[in-house]
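Chemist: Structure below; questions to follow.
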C-alpha cells in the first residue's frame, strides 16, 4: 500500500472539508437569497393587486358607475404594464382582459386562480414556467363577492430579472469562494512546504546517520518547532560524533593498553626461558605478574562495562564494613606510591555505620579512584584519603591529589564512557564510568572537584544501612 504524503492528506482532509463547508454555505445562501427576492416580488405584486381591488370595490359600491367599463379601462391603462401584466378573469374562469392587449391561450392552467377561488377573500400564488419556458410569478385575488361578471383579477410578472439578480449574487459568492480556496491552497502549500522540505532533509540526513556518517548537519533558518527539531537533531549528531570519536579512541587506547603488557610478558617470557641469572629471573617473574594483573584489571573493567551496557550488571549485597575495603585498597597502593615518590596519607575514624552493599564492587571503586590519583600525580606529590560521615549521616570518602588536575571544559564529561581528559596517561577511559555506576547502584554519589594544574578531589557518599534493611 503506497504511503500518503502530508500534502495529499492535507488536500483530502483540510481542503476537502473547507470545500464541503463552502458548498453547503452556497446552497444555503442560494435558498436564502432566492427566497428573499421571491418574497419581495410577491409582496410587491400583492401590494399592486391590493390597490387594484380597493379601487374595484369602490366602483362596485357606486351604482352610477359601469363596473365592466371601469374594469376594462383600468386593465388597459394599467400604469405598470411595462413591468407586469394585469388580467381580469370572467365568471367562467377565462382571462377576458389583459393590460398587454394579447389574449392568452384559453386552456392555460392557473393554479393561483384555483387557490384564490377555493378560499374566497384570500390570495393565490404561483411560481413556475410558462409554455415558452419563461419563469413567472402570478398573484390572483377573488372579486366574485363584489361582482358577478368577473371572478378575479390577476397580476403576472416575469422572473427573468429576479433570477438574473440571484444568479449574479451566486456568481459573485462562488467567485469569492474560489478566491478563498485558491488563497488557502497557496498559503497551505507554502506552509506545508515549510514543513515537508525540512522533514525530507531530516529523513535524508538521518539515513546518513544510520550509516555512520555524522559529518552532515541540517540547515534551517526558522525559530519554530521545526527549527527546534533541527537544532536537536544537529546536537544529537554532535553528541553521536563525539561518542563515535571517543569509541574509536577507546578501541585504539585499549588495543595499545593490551599490547603493551602482552609485549612485556612475551619479551620477559622469552628472556627467562633462556636466562639462568636468578636476579634477572626474579625480575622477569615480577614484571610478568604485574603486567598480568594489569591485563586482568583491564579485562575486568571491560566485562563490567559490557554488563552495564546490557543491563546484567548486578550486586551481591550484604552488610559490610566500608573501612575494611577502603583500608585494603589504600594498602594495595601504598607500596606503589612509595616507589613513585608520592606521599599517600590515610585518615579514618574508629568506626563507620554499616553499609548494605557489595564489598567487592565498593573495593573496586576505591581501587579505581586511588589508582587514578597516583597515576595523575607527579613525583613528590601527595594523595590524601579521608573517611568520615557527612552532615546527613551518609558515609563520606574523599581522595584528593595535587596532580595535573582536569580542565574546566572536560570536568562535566569526565564520567562519560570512553572519555579521557588526559591522553598521555594509561587507561581505557571507562573506569570512572563503572565506578560512578556502582556508587549510584548503592544509592550514593560520586562527584569530582578539580582545577587544572592544582589537583583533583573525588568525593564519594554512600548511605548507611537502614534499620529495616537489617
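The values are calculated or read from the model by the stated rules, or taken from the named source; none is laboratory data. Treat the numbers as computed from the prediction; the structure is a model and nothing was measured. A quick note on method: Cβ atoms are made from the backbone with ideal geometry, for glycine too, and the neighbour counts reach across all protein chains shown.
Chemist: Residue by residue through the range 300-320, note down the ones that are at pLDDT 75 or above and out of contact with any strand residue (DSSP E or B) (no Cβ under 8 Å at 6 or more places or on another chain).
Modeler: Answer for the range 300-320, where residues must be at pLDDT 75 or above and out of contact with any strand residue (DSSP E or B) (no Cβ under 8 Å at 6 or more places or on another chain): 314, 316.
Chemist: Residues of the range 276-297 being touching a helix residue (DSSP H, G or I) at 6+ places or on another chain (Cβ under 6 Å) and at pLDDT below 75, which ones?
Modeler: 294
Chemist: Only one of these conditions is not met by residue 430: (1) over 22 Å from residue 295 (Cβ atoms); (2) at pLDDT below 85; (3) touching a helix residue (DSSP H, G or I) at 6+ places or on another chain (Cβ under 7 Å). Which number is it?
Modeler: Tallying (1) over 22 Å from residue 295 (Cβ atoms); (2) at pLDDT below 85; (3) touching a helix residue (DSSP H, G or I) at 6+ places or on another chain (Cβ under 7 Å), residue 430 fails exactly one: (1).
Chemist: Any chance you could count how many residues in the range 177-193 are within 22 Å of the chain's Cα centre (by Cα) and surrounded by 13 or more Cβ atoms within 10 Å (Cβ to Cβ)?
Modeler: Adding up the residues that qualify gives 3.
Chemist: Among the residues of the range 4-18, is any touching a helix residue (DSSP H, G or I) at 6+ places or on another chain (Cβ under 7 Å), closer than 30 Å to residue 196 by Cα, at pLDDT 80 or above and surrounded by 14 or more Cβ atoms within 10 Å (Cβ to Cβ)?
Modeler: yes
Chemist: I'd like to verify a number: residues in the range 337-350 that are assigned to a helix (DSSP H, G or I), surrounded by fewer than 16 Cβ atoms within 10 Å (Cβ to Cβ) and in contact with a strand residue (DSSP E or B) (Cβ under 9 Å, 6 or more places away or on another chain), how many? Walk me through how you get there before you give the answer.
Modeler: Kept after step one, since they are assigned to a helix (DSSP H, G or I), are these residues of the range 337-350: 337-339.
Within this subset, residues satisfying the condition of being surrounded by fewer than 16 Cβ atoms within 10 Å (Cβ to Cβ) are 338-339.
With in contact with a strand residue (DSSP E or B) (Cβ under 9 Å, 6 or more places away or on another chain) added as a condition, the list becomes 338.
Of the residues in the range 337-350, 1 are assigned to a helix (DSSP H, G or I), surrounded by fewer than 16 Cβ atoms within 10 Å (Cβ to Cβ) and in contact with a strand residue (DSSP E or B) (Cβ under 9 Å, 6 or more places away or on another chain).
Chemist: Let me ask you something else. Being more than 60 Å from the chain's Cα centre (by Cα) and either touching a residue at least 60 places away in the same chain (Cβ under 8 Å) or under 14 Å from residue 85 (Cβ atoms) (or both) is the filter here; which residues of the range 135-151 pass it? First the steps, then the outcome.
Modeler: In the first step, residues of the range 135-151 are kept if they are more than 60 Å from the chain's Cα centre (by Cα); the result is 138-151.
Correct list: 138, 139, 140, 141, 143, 146, 147, 149, 150, 151.
Chemist: Spot the failing condition for residue 57; the list is (1) without any contact (Cβ under 8 Å) to a residue 60 or more places away in the chain; (2) out of contact with any helix residue (DSSP H, G or I) (no Cβ under 9 Å at 6 or more places or on another chain); (3) surrounded by fewer than 15 Cβ atoms within 10 Å (Cβ to Cβ), and only one is missed.
Modeler: Just one mismatch for residue 57, condition (1).
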